[in-house]
Structure formats: structure tokens, C-alpha cells
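Take a look at the structure set out below.
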Amino acid sequence: MSGIRSLTALSASASTSRVLNLHNVAEAFSEDADYSAAPFFRDSALNQAVIVKHRFRSDEAYLVPSGGPVGTKIIFPLDRSDLRVGGQYIFINETGYKDSLINVLGYKCDDFEYDLETLRLLNTIPSLDPFLVREQLRRHNRAPADCYFSISPADTARMLTFTEVEMYPLIQLAFGSGSSDINPEMVGRLANALLSTNADSRLEPLRLTLGLEGIQFRDGIFSWKGFIFYKWQFSENMVALSKIGPEMDSIKIKGRPDRMSTELAADLKKTIRENIRATAMNCSRVLALYDDAFRDLVQRGHTAAFRKFLLDAPLLFVDLGHMMGMVSHIVSYWAYRFRSAEKGGIDMEEYLDILREFSIGLAPRRN
């Protein structure tokens with residue numbers, strides 16, 4: 001187990017892909033019957049933890065010797081009523097990991113194995129976005145309540161305008177095709193409703209348009225929200241990812257690297273550029289399936305086809321989530337690491353390690 005850190009900023013501004021904030025879920029939904037009936041973890045303390053995808057710095061690699069460049073951190077707030085106090089954390093698979101969990105949580109055997117497996121499932125995916133997490137758990141017969149699968153407030157605020165634009169054609173269809181004087185405030189309210197945790201009564205006109213009832217409507221809205229989330233991520237991150245290719249050649253290397261290292265760097269950069277193009281094409285291909293189905297709905301009124309697409313589509317979230325999760329990590333780390341390298345440069349050995357990681361991270365995933 002490792003030290004103490006402040007959690008206030010993490011709760012306020014962290015991205016959806018990086019953080020699963022079960023503390024916030026507990027604060028908002030502890031009185032909700034579904035929250036208690038279908039918990040994410042069976043242990044109450046673990047079910048109020050903050051789970052974070054963490055990129056290891058060079059001096060942290062020893063923490064999880066068997067892991068890769070990105071680990072999964074479980075943070076336990078020291079005072080659940082005041083996150084400013086900070087928290088203690090454990091990395092999944094760090095040395096003594098299971099014993100540390102037992103010491104903190106005092107598990108009984110049955111609960112311990114169930115929660116350990118859930119943690120393992122979270123550790124095997126590159127992102128904690130709710131759409132990938134939900135599908136990952138569903139494939140392993142786990143079905144926590146809907147309240148656990150929300151977009152963070154920080155990302156919701158950034159996504160709002162994008163969501164309004166994305167929703168507008170369907171709002172036109174729901175409120176009268178061809179109408180050009182739809183109130184922008186209404187569009188904003190519906191976009192907010194779509195991005196909220198639960199599909200509420202504000203979305204009733206869209207429910208009627210799609211012809212969905214009950215659980216199917218809930219699942220359909222969740223699926224639609226997922227595609228909007230991934231389209232937004234794609235538009236945000238692919239521009240930044242495309243810049244990494246040219247920027248790799250401008251990095252200042254300390255000293256005079258040998259010929260073998262220089263040739264290896266050139267080969268890795270070539271592979272990364274190829275993988276960037278392939279990743280962009282693969283993301284575009286999957287998102288195009290949604291765009292085609294949505295266009296068929298709003299232009300031709302084919303509600304049955306779009307309804308079926310939404311209900312079947314979460315299987316696509318596995319590939320999308322893996323691709324966008326790695327892209328998000330690479331983009332954020334590149335910006336962080338090489339902003340500090342602009343002045344003093346970087347050692348060739350560290351540079352090669354980063355290039356290898358990017359090459360592997362962007363490689364096509366084996367199912």
C-alpha cells in the first residue's frame with residue numbers, strides 16, 4: 001500500500017476514460033434501490049473507492065513488476081465526507097496486492113473472489129469509460145446498476161455542444177420533420193438529459209419516435225450515448241494523434257546515439273505512423289456503421305432498423321473502447337512527456353521505450 005493524496009481535483013475534473021469514481025456514485029445514489037440491489041463490488045468500502053488508470057513514470061515501474069506502462073489504482077478515501085483529506089491507494093497486481101486488500105477490507109472468502117475477479121476485468125481494459133466497462137462486465141455475467149455507468153461532469157460539460165449538434169436531426173424528426181425553428185434551449189435540455197445517468201421523462205418524445213419501451217429504451221439510450229461519446233473522443237483525440245507522427249522527428253535526443261539505436265527508432269516511428277493510420281481507419285469504420293444507421297433513421301424514417309442497431313451495437317463498444325482508450329493514453333502522455341523534453345531533450349533509451357510502447361499500444365488488437 002502506498003501513501004496519501006488529495007482527491008478533490010480528481011473528482012472534479014478527471015476524464016471519464018481515466019476514472020471510475022464510485023465515491024461520487026455512492027454520494028448521489030446511496031438511497032436508490034437499484035444501487036443497493038446491484039452493486040459494482042460486493043464489499044461496501046470497495047464499492048465507494050475511486051478506480052484510476054495510471055500511467056507509470058520511469059521511477060514507478062517497480063510498483064507492478066509484471067505489469068505494462070498503464071496500471072489500475074484503487075484509491076480508498078480516508079474521510080468519505082471530505083476528500084481533501086486524501087486517500088490510500090493500492091495498485092492491482094502490485095507486490096502483496098491481495099494481502100493489502102484483505103488488510104483494508106477484511107474480506108470474507110466468497111466476496112473476496114468475486115470482487116477480485118471484477119478488479120481483474122477492469123485491469124485488462126485500457127479505459128474506464130462506462131460503455132467499455134459495462135460491456136466487459138456484461139460478457140462475464142456481471143450487471144451492476146445503471147447509476148455506475150455515467151459520464152464524468154467534466155466530460156459532460158465538454159461534450160454538451162457536440163451532443164446538441166449530434167442530436168439535432170433526431171429532435172427535428174421527433175418534433176416535426178422540416179421544422180426550422182426548434183428552440184435551442186430545448187435542444188440543450190434534451191442533450192443534458194441524454195448525458196445524464198438515467199433516461200428520464202425529458203426524452204419521452206425521442207422514446208416515442210424510436211418506439212422503445214422500458215428496459216429497451218434505457219439500453220437504446222445508453223447505446224446512443226456511447227456512440228456520441230466515442231465520436232466526440234475521436235474528434236478530440238485523432239487530431240492530436242495525427243500530430244504525433246511529424247513531432248516524433250523533432251524530439252531532441254541527448255548525446256550522440258549509436259547507429260543501431262537510430263535505425264531502431266526509425267523503424268519504430270514508421271510502425272507507429274502506420275498504426276496511427278490504421279487506428280483512424282478502424283475507428284472511422286466502426287463509427288460509420290452508426291452514422292449510416294442514424295442517417296437512415298432521420299432521412300428515411302427507418303426507426304425499426306435504427307432501433308435494432310442500437311440494441312445490438314454495444315458489442316462494438318469493445319473494439320471502440322480499446323482503440324480510443326489507448327489513443328487517449330498516448331495523446332495525453334505525449335503532451336505531458338514531451339512538453340518537458342523540449343528544453344533538455346530525452347535519453348535515447350527512454351525514447352526507444354516510449355516508441356516501443358506506442359507501437360504496441362496502437363497495434364491491432366487480437367480478439
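The values are calculated or read from the model by the stated rules, or taken from the named source; none is laboratory data. Computed from a predicted model, the values in this text were never measured in an experiment. Note that we place each Cβ from the backbone using ideal geometry, even for glycine, and neighbour counts take in every protein chain shown.
Observations on the model:
- Taking the criterion of being closer than 20 Å to residue 301 by Cβ and either outside any helix (DSSP H, G or I) or modelled with pLDDT under 85 (or both), the residues of region 172-192 that qualify are 172, 173, 174, 175, 176, 177, 178, 179, 180, 182.
- Qualifying position, being acidic (Asp, Glu) and closer than 20 Å to residue 326 by Cα, among 155, 115, 146, 111: 155
- Checking each residue in region 192-213 for being surrounded by fewer than 18 Cβ atoms within 10 Å (Cβ to Cβ), more than 20 Å from residue 153 (Cβ to Cβ) and of a type in the set (D, E, K, R) picks out 204, 213.
- Residues of region 264-291 that turn out to be over 19 Å from residue 226 (Cβ atoms) and free of Cβ contacts under 8 Å to residues at least 60 places away in the same chain, as a count: 8
- Here residue 274 qualifies as of a type in the set (Asp, Glu) and surrounded by 13 or more Cβ atoms within 10 Å (Cβ to Cβ).
- Of all residues in region 199-220, those that are among the aliphatic types (A, V, I, L, M) and over 16 Å from residue 187 (Cα atoms) total 4.
- Test: residue 228 is in the same structural domain as residue 169 (by TED's automatic domain parsing), at pLDDT 85 or above, within 30 Å of residue 163 (Cα to Cα) and β-branched (Val, Ile, Thr): yes
- Just one of the listed residues (29, 40) is of a type in the set (Phe, Trp, Tyr), out of contact with any strand residue (DSSP E or B) (no Cβ under 9 Å at 6 or more places or on another chain), modelled with pLDDT of 90 or more and not assigned by TED's automatic domain parsing to the domain that holds residue 329, and it is 29.
- Single condition residue 105 does not satisfy, out of (1) modelled with pLDDT of 90 or more; (2) surrounded by 17 or more Cβ atoms within 10 Å (Cβ to Cβ): (1)
- Criterion (at pLDDT 90 or above and either hydrophobic (A, V, I, L, M, F, W, C) or under 21 Å from residue 332 (Cα atoms) (or both)) met by exactly one of 210, 320: 320
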